[in-house]
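Everything below concerns the one structure shown next.
The values are calculated or read from the model by the stated rules, or taken from the named source; none is laboratory data. Since the structure is predicted, the reported quantities are computational estimates derived from the model, not experimental observations. Note that we place each Cβ from the backbone using ideal geometry, even for glycine, and neighbour counts take in every protein chain shown. Note: accessible area is taken over every heavy atom of the protein model, side chains too, but ligands, DNA and RNA are not part of it. Shrake-Rupley method; radii C 1.70, N 1.55, O 1.52, S 1.80 Å.
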Amino acid sequence: MPKLLVARAMFPDELVRLNKYFELELNQQDSIFSPEELADRLQGKFGMICTSSAKINQELLAKLPELKIISTIAVGYDNFDLQACSQYRVMATNAPDVLNETTADFAWALMMATARRVTEAEHFLRAGEWKKWGVDFFVGADIFGSRLGILGMGRIGQAIARRAAGFGMEVIYHNRSRLSAEQELVAHHARYVDKETLMRESDHLILALPYSSETHHSIAANELAQMKPSATLINIARGGIVDDVALIAALQNRQIAGAGLDVFENEPRFHPDFLGLKNVVLTPHIASASERTRRAMVNRAITNVIAAVRGEVPPDLLNRDAHTF
């Protein structure tokens, strides 16, 4: 049977589907493989199911002449060098759509926690500092009736926008291309604006764009300087879209009111200065972390590798020029 590496710990009962098609090498201890160890484990493998921790580049693929498919359980695939994958005839797949609603839910959780200073207040309470109530006690910003800005209006961005209806918010957005009139209507009458207007007019700005060399540091010192002092910034997209050093400075100087961050540059490492800030909510890249959604992500990756081994085009193939069957 062809061999498949499952490079991270996955739900064992979901992996049962693979037994009919593959000899499996599992990693249920959930080690993070070094590039050298990943190359060694992929020798002789037909394919791999992985997460964003696996960096797939030309140097790796040159060592793996038998590899046919790499399948990530994530929707983002900035860890894949698609040009190199096509060069070496390796199909690359992702898992779109299944995490849109869960990630949108979490964007709202971060936005509300940031605006209403939830984690700051909890730390205050846990430290035993709550002695009395005051009229300005942990005063934050309203969500209801405010203006929601969204940078990146793909499926997740549109799911975030739809939720604004229940909060009486105005929605503005910027994207590489404008949505259709029908899509804007469904996305709570979202209004397309240029990036400068988005930065200047948003009360709460949520980032939902994919990471690439073009979007690297899309939010840096210049953009942060355009934001309202009362505004919040929420990132559930990818680390590297925000210049973390510039954001830390803006939070320290109260240039903006607060930030909610689920992703960071160089994660799982992150800039230690975030820990000294009270006006930031920090979570460890868990926006898609509901059991139903994570199982759906794993199943999508499984479906893609099974299609490949059966000689079919995987449903979520990213580089169609690599399909060789």
| How many residues does the stretch 282-301 hold that are in contact with a Lys or Arg (Cβ under 9 Å, 6 or more places away or on another chain) and closer than 22 Å to residue 205 by Cα? | 1
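Quick grid of which residues meet (1) basic (Lys, Arg); (2) part of a loop (DSSP other than H, G, I, E, B); (3) farther than 27 Å from residue 267 by Cα:
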| position | (1), (2), (3) |
| --- | --- |
| 17 | yes, no, yes |
| 31 | no, yes, no |
| 37 | no, no, no |
| 48 | no, no, no |
| 53 | no, yes, no |
| 59 | no, no, no |
| 76 | no, yes, no |
| 84 | no, no, no |
| 89 | yes, yes, yes |
| message | Every residue in the stretch 256-282 that is surrounded by 15 or more Cβ atoms within 10 Å (Cβ to Cβ) and more than 18 Å from residue 219 (Cβ to Cβ), please. | response | none
| Of all residues in the stretch 1-20 being buried (at least 19 other Cβ atoms within 10 Å of the Cβ) and within 22 Å of residue 88 (Cβ to Cβ), the one that is farthest from the chain's Cα centre (by Cα) | 4
| query | Does the stretch 49-64 contain at least one residue that is open to solvent by less than 90 Å² (accessible area, probe 1.4 Å) and among the charged types (D, E, K, R)? | reply | no
| Do you know which residues across the stretch 134-151 are among the acidic types (Asp, Glu) and in contact with a Leu (Cβ under 7 Å, 6 or more places away or on another chain)? | none
| field | Complete set of residues in the stretch 166-176 that are loosely packed, with under 13 Cβ neighbours inside 10 Å and touching a residue at least 12 places away in the same chain (Cβ under 8 Å) | value | 168
| said: For the stretch 177-191, which positions are touching a residue at least 24 places away in the same chain (Cβ under 8 Å) and open to solvent by 30 Å² or more (accessible area, probe 1.4 Å)? | reply: 183, 186, 188
| request: For the stretch 293-314, enumerate the residues that are touching a residue at least 60 places away in the same chain (Cβ under 8 Å) and loosely packed, with under 12 Cβ neighbours inside 10 Å. | output: 310
| remark: Going through the stretch 206-219 in order, the residues found to be without any contact (Cβ under 8 Å) to a residue 60 or more places away in the chain, assigned to a loop (DSSP other than H, G, I, E, B) and open to solvent by less than 20 Å² (accessible area, probe 1.4 Å) are none
| note | residue 253: passes all of (1) modelled with pLDDT of 95 or more; (2) touching a helix residue (DSSP H, G or I) at 6+ places or on another chain (Cβ under 9 Å); (3) farther than 26 Å from residue 158 by Cα; (4) open to solvent by 60 Å² or more (accessible area, probe 1.4 Å) but (2)
| Since residue 197 meets every condition but one in (1) open to solvent by less than 50 Å² (accessible area, probe 1.4 Å); (2) within 21 Å of residue 163 (Cα to Cα); (3) assigned to a helix (DSSP H, G or I), which condition does it not meet? | (2)
| request: Could you look through the stretch 21-42, keep only residues that are over 17 Å from residue 305 (Cα atoms) and either over 25 Å from the mean Cα position of the chain (by Cα) or among the β-branched types (Val, Ile, Thr) (or both), and pick out the one that is least open to solvent (accessible area, probe 1.4 Å)? | output: 39
| said: under 30 Å from residue 167 (Cα atoms), of a type outside the set (S, T, N, Q), free of Cβ contacts under 8 Å to residues at least 40 places away in the same chain and open to solvent by 20 Å² or more (accessible area, probe 1.4 Å): is that true of residue 138 in this structure? | reply: yes
| remark: Expected single match for at pLDDT below 95 and of a type outside the set (Ser, Thr, Tyr) among 145, 134 is 134
| task | Report yes if residue 93 is out of contact with any Gly (no Cβ under 7 Å at 6 or more places or on another chain), open to solvent by 10 Å² or more (accessible area, probe 1.4 Å), hydroxyl-bearing (Ser, Thr, Tyr) and touching a residue at least 12 places away in the same chain (Cβ under 8 Å), otherwise no. | result | no
